[in-house]
Amino acid sequence: MKKQSGFTLIELAIVLVIIGLLLGGVLKGQELINSAKTKQLANDFNSVAAAVYGYQDRYKALPGDDSGSAARWAGTPYPAADIGNANGFLDNAGAACLFTDPKGSPVTDECYIFWTGLRQAGLVTGALTDGPPGNNFGGVLGVQNALDALTTAGAAGTGFKGIIACESNVPDKAAIALDTQLDDGKPDSGSIRAIFQGTPTTAVTVLNGVAASTPYLETGGNYYTVCKALQ
């Protein structure tokens, strides 16, 4: 009768250690990826702010609101959309324009042609017909007025004034990390503020949105729209 062979306790222990090391490496790798994605959100804010300042320094106008853009760049993909009214706002037809990507579609809202102007000037990358750029979490980096009386009827909004940049679909852990690294870690105060989304969406209303109450709700399934003032 053949004697059955099997793993010894030492061999089983070695296998378990190896499995533990592999799992630890995978989890650590995922943590590093998420950390890099969060840092990119901060870089996005810094990059768009630098691009706006560069545009204003060069053309003495706000991109998207620039009344001289059509004459400066004749024959653009949608020339009529390149004419801003120079009123100091990013006029638009509604809050949804921030999180709608109109690739290939002629759109006259100034919060869209903001990106056209920056691309025409060579200050950001992308095709001229692209809308707001995406972010690393499947959301959108958009710009708009923090409080536009034409569309909010005096809503309090996030408490910001002027032009803001917002990143949508940011997971709770990333939103907390971003706010803690750059500001006070609170969604309703400071230079970084957040709108509670709940779940990922492409139709976040920020113009009428109010900053989420403190503290952030970290469940692993909550998402935020995180905003920073550009002006």
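Just so it is clear, none of the values below were taken in a lab; they were calculated from the coordinates. Worth saying up front: this structure is predicted, and the values here are computed from it rather than measured. Please note: Cβ atoms are built from the backbone with ideal geometry, for glycine as well, and neighbour counts cover all protein chains shown.
What ranking do 12-18, 172-178, 57-63 get when scored by the average of other Cβ atoms within 10 Å per residue, highest first?
172-178, 57-63, 12-18
Could you put 223, 216 in order, starting from the residue whose Cβ has the fewest other Cβ atoms within 10 Å?
Numbers: 223 24, 216 21.
Exposure proxy ranking, most exposed first: 216, 223.
What list of ³J(HN,Hα) values in whole Hz, one per residue of the stretch 169-186 in order, does the Karplus curve 6.51 cos²θ - 1.76 cosθ + 1.60 (θ = phi - 60°) give from phi, with Gly and Pro shown as x?
Per-residue couplings from phi come out as 6, 8, x, 3, 4, 5, 4, 5, 4, 5, 5, 5, 5, 9, 8, 9, x, 10 Hz.
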